[in-house]
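Structure, as structure tokens:
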Amino acid sequence: SECIPNFQQLCQKSPIRATKTVRVTMDSVAKLLRNIPYLKVIHLIRDPRPVVLSRSKAYTFKGKNSGDNMTNEASLYCSRVLKDVLLRKEMEKRLPDNFLEVIYEDFVHRPFSQAQRIYDFIGHEMHPDTLQWFITASNQSESIARAWKDKIVYNEYEQIGIVCKDLLKELKLHI
């Protein structure tokens, strides 16, 4: 009961307010932009192959014993992300200063330059503590980001690549 008012005061005083959302659609972003025209959107996207692989390990995944179900999951995921990417690119034509695309793998491989892009995008300097955090965390994050390559079999890699070829091409990721 004491924390919320304190955080509200801090938030209201801050020149930046950030919210991380998962699986928000660009349809929702379009509605937000109508009410908040100065909204800055960082669209973080990951290669679909590790995403689908991760989902295939989840308890609720229906395709644990079926390549067809993994393919269906890839199709659903990639069509949703592709739709969002294309819609975002349309909105970017009208509002070029409101959007920044960040590919997760690029961020992991080049964290300093990608973080600088983000800070430039929001118009703020990177705090020295943030820079120090990147120095500490960057080695571990790259190994985590690459771990999926040791867990996926070639057939799954190929299947997801075929199903998601339009998204991979749009994102300029290796097919």
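The numbers here are math on the coordinates, done by the rules we state, and not lab data. These numbers were taken from a predicted model, which means no experiment stands behind them. We place every Cβ from the backbone using ideal geometry, glycine too, and count neighbours over all the protein chains shown.
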Seminar exercise, completed: The set of cysteines in the chain having no other cysteine's C-beta under 4.7 Å reads CYS3, CYS11
Exercise. So what's the net charge close to HIS174: Lys and Arg +1, Asp and Glu -1, counting the other residues with Cβ under 12 Å from its Cβ?
Worked result: +3
Exercise. Considering amide H positions built from the backbone, and no H for Pro or chain starts, which residues 5 or more places from LEU95, or on another chain, come under 5 Å of its amide H?
Worked result: none
Seminar exercise, completed: Projecting the Cα atoms of GLY161, MET126, LEU86 onto the charge dipole of the stretch 45-175, where Lys and Arg contribute +1 and Asp and Glu -1 at Cβ, the residue farthest towards the positive end is GLY161
Exercise. Which value, in debye to the nearest 20, describes the size of the charge dipole of the chain about its Cα centre when Lys and Arg Cβ atoms bear +1, Asp and Glu Cβ atoms bear -1, and nothing else is charged?
Worked result: 400 debye
Exercise. How big is the charge dipole of the stretch 9-48 about its Cα centre, in debye rounded to the nearest 20, if each Lys and Arg gets +1 on its Cβ and each Asp and Glu gets -1 on its Cβ?
Worked result: 140 debye
For this session: Between the alpha-carbon centers of the stretch 96-175 and the stretch 5-49, tell me the distance in whole angstrom.
Result: 19 Å
For this session: Quick one: give the max-minus-min coordinate of the C-alpha atoms of the chain along each principal axis, largest first, in Å.
Result: 52, 39, 38
For this session: May I ask you to compute the full-extension gain from PHE112 to SER79, defined as 0.36 nm times their residue separation minus their alpha-carbon distance, rounded to one decimal in nm?
Result: 8.8 nm
Exercise. Each label point is 7 Å from the Cα along the Cα-to-Cβ direction; what then is the distance between the points at ASP129 and ASN69, in nm?
Worked result: 4.5 nm
Problem set entry | Whole-Hz ³J(HN,Hα) from phi, Karplus 6.51 cos²θ - 1.76 cosθ + 1.60, for the stretch 112-117, glycine and proline x | 5, 5, 5, 5, 5, 4
Problem set entry | Amide H partners (placed H, <5 Å) of HIS43, local residues excluded | LEU100, GLU101, VAL102
For this session: Any chance you could give the angle, 0 to 90 degrees and rounded to 10, that helix 3-13 forms with the longest Cα principal axis of the chain?
Result: 70 degrees
For this session: Quote to one decimal, in nm, the extra length available between GLU92 and LYS40 on full extension: 0.36 nm per residue of separation minus the C-alpha distance between them.
Result: 17.6 nm
Seminar exercise, completed: Excluding near-sequence neighbours (fewer than 8 apart on one chain), the stretch 12-116 holds lysine pairs with C-alpha atoms under 26 Å apart numbering 18
Exercise. In nm, to one decimal, how far is the TYR157 label point from the HIS174 one, both placed 7 Å along Cα→Cβ?
Worked result: 0.8 nm
For this session: Only helical DSSP H runs with n ≥ 4 go in: add -39500 (n - 2.57) per run for the chain, normalise by residue count and round the 222 nm mean residue ellipticity to 500 deg cm²/dmol.
Result: -20500 deg cm²/dmol
Seminar exercise, completed: For the chain, the longest principal axis of the Cα atoms and the Cα long axis of helix 128-146 enclose an angle in degrees, to the nearest 10, of 10 degrees
Problem set entry | Pairwise FRET efficiency - ASP150 versus LEU32, Cβ, R0 = 35 Å, nearest 0.05 | 0.35
Seminar exercise, completed: Rounded to the nearest 0.05, FRET efficiency between GLN12 and ILE122 (Cβ-Cβ, R0 30 Å) equals 0.95
Exercise. Helix 154-163 versus the longest principal axis of the chain: what angle, 0 to 90°, nearest 10, using Cα atoms?
Worked result: 70 degrees
